[in-house]
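Before I ask anything, let me first share the structure, which is written out below as structure tokens.
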Amino acid sequence: MNIKKMNIAIFSPNQNPYSETFIQAHKNYLKGNIFYYFGSGSQIQLEGQERLMPLLRYKILRVFAKLFRKPSAYLWQERILYSLKVNNIDAILVEYGNHAHHLLPILKALQKSIVVHFHGYDASHRDVISRCNNYEDVFNVATYIVAVSKVMNDNLLKMGCPKGKLVYNVYGPQPEFHEVHPIFNKKQFIGIGRFTDKKAPYYTILAFNQVLSKHPDATLLMAGDGDLHNMCKNLIRHFKLEKSITLLGIINPKQFRTLLSESLAFVQHSITAENGDMEGTPLAVLEASCAGVPVIATSHAGISDVIVHKKSGLLCDEHDVDAMAENMLCLLDNVNYAKELGLFGKKHIASNFSMERHIKKLDEILLEAIENK
């Protein structure tokens with residue numbers, strides 16, 4: 001089959017969330033005709049279409065379901081199956097393992113090629129994994145399973161994913177980030193991401209508070225939102241850091257690139273949360289390094305897969321606030337070293353973790369899945 005003629009259905013639990021730019025990349029760059037289904041259960045929609053099924057057909061189906069006492073999920077599942085059939089779908093890409101578990105009745109009913117793309121919490125959060133029965137049925141129904149970090153790859157193997165189905169494929173940053181050329185003209189650090197347990201933004205604040213004792217004119221910008229946002233705001237207020245740390249809220253990629261261009265380093269103190277939740281490979285880390293900005297982070301999950309310690313960034317152990325502070329001070333005291341790290345990172349990401357490589361691998365997986373079905 002010519003890959004350009006593939007009809008690919010992408011299923012995602014949410015439509016265009018700001019933090020999931022990798023899904024937008026799949027929509028925009030995969031070859032073939034993309035049909036984007038978003039939402040869960042009866043709320044699932046196909047982007048660009050008002051209905052999954054003609055209204056009259058749906059009314060008849062609803063009467064049938066009532067007469068024969070079909071389960072409550074019957075109607076929405078039949079609507080999706082109808083939509084997939086009329087759109088001649090060749091392959092299905094499901095974003096997140098737990099969403100694939102949610103869609104199991106549909107996936108089992110299809111004789112289609114199915115690729116399930118894990119991203120982070122879905123392969124690490126203990127409660128999520130337990131609710132999905134360790135993904136036993138997902139592994140059985142999928143043609144291929146995609147992991148985005150070596151740690152995730154190992155975790156999925158331990159859960160029982162057949163080795164022959166498992167594909168390691170790290171994200172790639174948007175090409176625009178490679179066009180960024182930092183000028184290193186400010187004592188400014190930038191971090192972006194959801195304010196959640198596994199990103200531990202409070203540790204970044206505590207580390208930066210130590211930095212200010214030696215460089216009181218340094219600044220930290222933190223972009224994003226989440227459950228820990230107010231807690232971090234209170235922490236900043238407690239230490240009287242309002243003039244040194246700015247919480248930006250949600251910013252777009254263009255704004256992020258502008259801030260990267262004038263920053264000394266990107267900072268992120270990722271940890272494994274108490275519930276087991278871990279990163280996959282944080283896309284913002286890839287974007288920062290692609291832009292030529294050194295990364296100061298922890299040796300967590302996929303971060304150490306893409307950041308080379310002392311060559312493209314400085315890594316420390318999880319929870320080691322003192323070491324993170326020392327790494328920030330190291331670059332403040334030696335801007336030339338920061339430039340060296342950034343330059344190596346830009347070349348390293350372009351050579352090994354480009355968007356083109358990531359999408360090409362996904363295209364190959366989808367095509368191979370169809371040909372082998």
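The values are calculated or read from the model by the stated rules, or taken from the named source; none is laboratory data. Remember, it's a predicted structure, so these values are computed and weren't measured experimentally. We place every Cβ from the backbone using ideal geometry, glycine too, and count neighbours over all the protein chains shown. SASA here: full protein model, heavy atoms, side chains in, ligands and nucleic acids out. Shrake-Rupley method; radii C 1.70, N 1.55, O 1.52, S 1.80 Å.
So that you can scan it fast, the table gives a plain yes or no per residue for (1) hydroxyl-bearing (S, T, Y); (2) at pLDDT 95 or above; (3) farther than 25 Å from I192 by Cα:
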site: S12; (1), (2), (3): yes, yes, no
site: Q15; (1), (2), (3): no, no, no
site: T21; (1), (2), (3): yes, no, no
site: I44; (1), (2), (3): no, yes, yes
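Using the structure shown, decide if M278 is among the aliphatic types (A, V, I, L, M) and either open to solvent by 10 Å² or more (accessible area, probe 1.4 Å) or in a loop (DSSP other than H, G, I, E, B) (or both).
Details: among the aliphatic types (A, V, I, L, M): yes; either open to solvent by 10 Å² or more (accessible area, probe 1.4 Å) or in a loop (DSSP other than H, G, I, E, B) (or both): yes.
The answer is yes for M278.
Then there's this: In region 63-89, what residues are among the charged types (D, E, K, R) and modelled with pLDDT of 95 or more? Full working, then the answer.
Filtering region 63-89 down to residues among the charged types (D, E, K, R) leaves 66, 69-70, 78-79, 85.
Once the filter is applied, which keeps residues that are among the charged types (D, E, K, R) and modelled with pLDDT of 95 or more, region 63-89 yields E78, R79, K85.
Consider H319 carefully, then state whether it is in a loop (DSSP other than H, G, I, E, B), under 17 Å from the mean Cα position of the chain (by Cα) and over 17 Å from Q188 (Cα atoms).
Details: in a loop (DSSP other than H, G, I, E, B): yes; under 17 Å from the mean Cα position of the chain (by Cα): no; over 17 Å from Q188 (Cα atoms): yes.
Taking the combined requirement at face value, the residue does not satisfy it.
Quick grid of which residues meet (1) at pLDDT below 95; (2) surrounded by 19 or more Cβ atoms within 10 Å (Cβ to Cβ); (3) assigned to a strand (DSSP E or B):
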| site | (1), (2), (3) |
| --- | --- |
| C161 | no, yes, no |
| G164 | no, no, no |
| H178 | no, no, no |
| H181 | no, no, no |
| A207 | no, yes, no |
| H215 | no, no, no |
| L235 | no, no, no |
| K243 | no, no, no |
| T246 | no, no, yes |
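Filter region 105-127 down to residues that are open to solvent by 10 Å² or more (accessible area, probe 1.4 Å) and part of a helix (DSSP H, G or I) and give me whichever is nearest to V151 (Cα to Cα).
Ranking the qualifying residues of region 105-127, first place goes to Y121.
Which of the residues that make up region 259-275 are exposed (fewer than 14 other Cβ atoms within 10 Å of the Cβ) and over 30 Å from N155 (Cα atoms)?
Result: no residue meets the conditions.
Has region 305-315 got at least one residue that is within 15 Å of V180 (Cβ to Cβ), open to solvent by less than 10 Å² (accessible area, probe 1.4 Å), touching a residue at least 60 places away in the same chain (Cβ under 8 Å) and touching a Phe, Trp or Tyr at 6+ places or on another chain (Cβ under 8 Å)?
no
Let me ask you something else. State all residues of region 20-46 that are of a type in the set (F, W, Y), closer than 23 Å to P105 by Cα and either touching a Pro at 6+ places or on another chain (Cβ under 6 Å) or open to solvent by 20 Å² or more (accessible area, probe 1.4 Å) (or both); if no residue qualifies, say none. Step through it out loud before you land on a result.
Residues of region 20-46 that are of a type in the set (F, W, Y), as a first pass: 22, 29, 35-38.
Those still in the list that are closer than 23 Å to P105 by Cα too: 35-38.
Hits for region 20-46 are F35, F38.
Within 22 Å of Q174 (Cα to Cα), open to solvent by 30 Å² or more (accessible area, probe 1.4 Å) and modelled with pLDDT of 95 or more: is that true of S351 in this structure? Reasoning before the result, please.
Numbers: within 22 Å of Q174 (Cα to Cα): yes; open to solvent by 30 Å² or more (accessible area, probe 1.4 Å): yes; modelled with pLDDT of 95 or more: yes.
Yes; evaluated as a whole, the condition is true for this residue.
Filter region 287-310 down to the residues that are under 14 Å from A350 (Cβ atoms), in a helix (DSSP H, G or I) and touching a strand residue (DSSP E or B) at 6+ places or on another chain (Cβ under 9 Å) and list them by number.
Listed by number, the residues that qualify are E287, A288, S289, V306.
Now for a separate question. Go through region 64-84 and give me each residue that's part of a helix (DSSP H, G or I) and out of contact with any Leu (no Cβ under 9 Å at 6 or more places or on another chain). Explain how you work it out, then say what you get.
Going through region 64-84, the residues part of a helix (DSSP H, G or I) turn out to be 64-67, 74-84.
Once the filter is applied, which keeps residues that are part of a helix (DSSP H, G or I) and out of contact with any Leu (no Cβ under 9 Å at 6 or more places or on another chain), region 64-84 yields F64, K66, L67.
Return a yes/no flag: does region 56-79 have any residue that is open to solvent by 10 Å² or more (accessible area, probe 1.4 Å) and either touching a Pro at 6+ places or on another chain (Cβ under 8 Å) or within 22 Å of E274 (Cα to Cα) (or both).
Scanning region 56-79 turns up at least one residue that is open to solvent by 10 Å² or more (accessible area, probe 1.4 Å) and either touching a Pro at 6+ places or on another chain (Cβ under 8 Å) or within 22 Å of E274 (Cα to Cα) (or both).
Quick one: what pairs do we get from region 171-186, first residue over 29 Å from L362 (Cα atoms), second among the basic types (K, R), C-beta under 7 Å, 6+ apart or different chains?
What qualifies is F184/K339.
Return the pair list, or none, for Cβ contacts closer than 8 Å from residues in region 335-347 that are surrounded by 18 or more Cβ atoms within 10 Å (Cβ to Cβ) to residues that are part of a helix (DSSP H, G or I) and at pLDDT below 95, at least 6 apart or on different chains.
Nothing qualifies.
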